[in-house]
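Written out below as structure tokens is the structure these notes cover.
The values are calculated or read from the model by the stated rules, or taken from the named source; none is laboratory data. The model shown is predicted, which means the values in this text are computed figures rather than measured ones. Virtual Cβ from ideal backbone geometry, glycine too; neighbours counted across all protein chains shown.
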Amino acid sequence: MTLPPAERFARLRLARTDRIGPVAFTQLLTRYGSAERALAALPDLARKSGAASVPPPAETVERELAAGQPIGARLLVLGDPDYPAMLEALDPPPPILWTRGRTELLNRPSVAVVGARIASAGGQRIARGLAQQLGQAGHVVVSGLARGIDAAAHEGALATGTVAVLGGGVDDIYPADHADLYARIADLGCVVSESPVGARAQARDFPRRNRIISGLSRGVVVVEAEIRSGSLITARLAAEQGRDVFAVPGSPLDPRARGPNELLRQGAVLCEGIEDIERAFDTLRTLRAPAPPPLIFDEGAADPAFLDRVAALLSPTPTPRDEIARALDAPVGRVAAALLELSLTGRAELLPGGLASS
């Protein structure tokens, strides 16, 4: 069912509200049934919590929408019929996606190929060839437009379909020397970003980008990566999302092989070619956690004293919502309402999986 224009506008405005991330966005939709009603409730929620979480003016949202028009960018909002099904199944899904190019690729079977920025010639050859074979087998190849392995993967899959996920806006070409590759992907493939059009990528944007790369994909292949790298973060996110993780082995003398080799020690599927990927897809059955019961908020129960008691139990270490409820001998719905309201004032951070931290 198509969302009414007013609700789509409200969802973009809610997603751009300070202190409202994907978890709070999803919970507000669950609690109030629509973004329009959630926006109307925000002033009272924030007032009870002790500070204001103010949505951006409508004019700001209108400017964001207008910025996408000259470059032919398209907005996808959670709830749109063609919002990517793989992302919609995440906990929580990204509320907003800007796209350029062939948006239909986002709903085709996909495999991510990621790896080192400073990649060896051999690693780039493997990534390019693997991407080409994946495309010929009917898979869209997803990566992050970075130098090295990402660029090689995109190049290998240009003819069959590739998706570049960016940290900045869909018009933020980074690195700048990938302008030609970016243009070809925008023409033949698809460019995706959660960030507003015109935004320049900052360090905090790349974990969100990596989460979309793995979320769009049935599996993630890591080709060359050091132990502390964004590629291994993408692999970890993939495992958390129930995706298959593949690693191309390398020489222990090459620091760029340490990441994939460590993934293999942790149980990743060894990948020497597309046959390993297709065999795994045929035989592996991903273990997925059962869907959690629907969250039912205890309306009006989060009085200031109770908010303070919940806040006192939070720490920088993520704590399960159910554990807080047991400590307070309180219903989970009441604690959920308190955590949501605390998050609007910056006193709590809501995390995926029913976790919260201070």
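Is there a residue being aliphatic (A, V, I, L, M), within 17 Å of the chain's Cα centre (by Cα) and surrounded by 24 or more Cβ atoms within 10 Å (Cβ to Cβ) anywhere in the range 235-244?
The answer is yes; a qualifying residue exists.
For Gln133, which of the numbered conditions (1) part of a helix (DSSP H, G or I); (2) closer than 10 Å to Leu216 by Cα fails to hold?
Of everything listed in (1) part of a helix (DSSP H, G or I); (2) closer than 10 Å to Leu216 by Cα, Gln133 misses just condition (2).
Select from the range 53-82 the residues that are within 25 Å of Leu351 (Cβ to Cβ) and either within 13 Å of the chain's Cα centre (by Cα) or in contact (Cβ under 8 Å) with a residue 40 or more places away in the chain (or both) and list them in ascending order.
The answer is Ser53, Pro55, Pro56, Val77, Leu78, Gly79.
Can you work out which of the residues in the range 135-149 that are surrounded by fewer than 19 Cβ atoms within 10 Å (Cβ to Cβ) and of a type outside the set (S, T, N, Q) is nearest to the chain's Cα centre (by Cα)?
The qualifying residue nearest to the chain's Cα centre (by Cα) is Arg147.
Quick check on the range 42-53. Is at least one of its residues among the acidic types (Asp, Glu), outside any loop (DSSP other than H, G, I, E, B), loosely packed, with under 14 Cβ neighbours inside 10 Å and not assigned by TED's automatic domain parsing to the domain that holds Ala153?
Yes, that holds for at least one residue.
Within the range 233-278, track down each residue that is in a helix (DSSP H, G or I) and closer than 23 Å to Ala89 by Cβ.
Matches in the range 233-278: Ile233, Thr234, Ala235, Arg236, Leu237, Ala238, Ala239, Glu240, Ile277, Glu278.
Out of all the residues in the range 62-71, is one or more part of a loop (DSSP other than H, G, I, E, B), aliphatic (A, V, I, L, M) and either in the same structural domain as Gly168 (by TED's automatic domain parsing) or under 20 Å from Gly167 (Cβ atoms) (or both)?
yes
So, Ala225, is that one modelled with pLDDT under 95, surrounded by 24 or more Cβ atoms within 10 Å (Cβ to Cβ), more than 15 Å from the chain's Cα centre (by Cα) and not charged (D, E, K, R) or not?
yes
The rows are residues; the columns are (1) out of contact with any helix residue (DSSP H, G or I) (no Cβ under 7 Å at 6 or more places or on another chain); (2) of a type in the set (Gly, Ala, Ser).
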site: Ile118; (1), (2): yes, no
site: His154; (1), (2): no, no
site: Ala157; (1), (2): no, yes
site: Gly161; (1), (2): no, yes
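Can you find, within the range 118-128, the residue that is modelled with the highest pLDDT among those that are under 12 Å from Ala151 (Cα atoms) and surrounded by fewer than 19 Cβ atoms within 10 Å (Cβ to Cβ)?
This residue is Arg125.
Of everything in the range 1-33, what is aliphatic (A, V, I, L, M), under 19 Å from Asp205 (Cβ atoms) and in a helix (DSSP H, G or I)? Give them in sequence order.
Leu12, Ala15, Val23, Ala24
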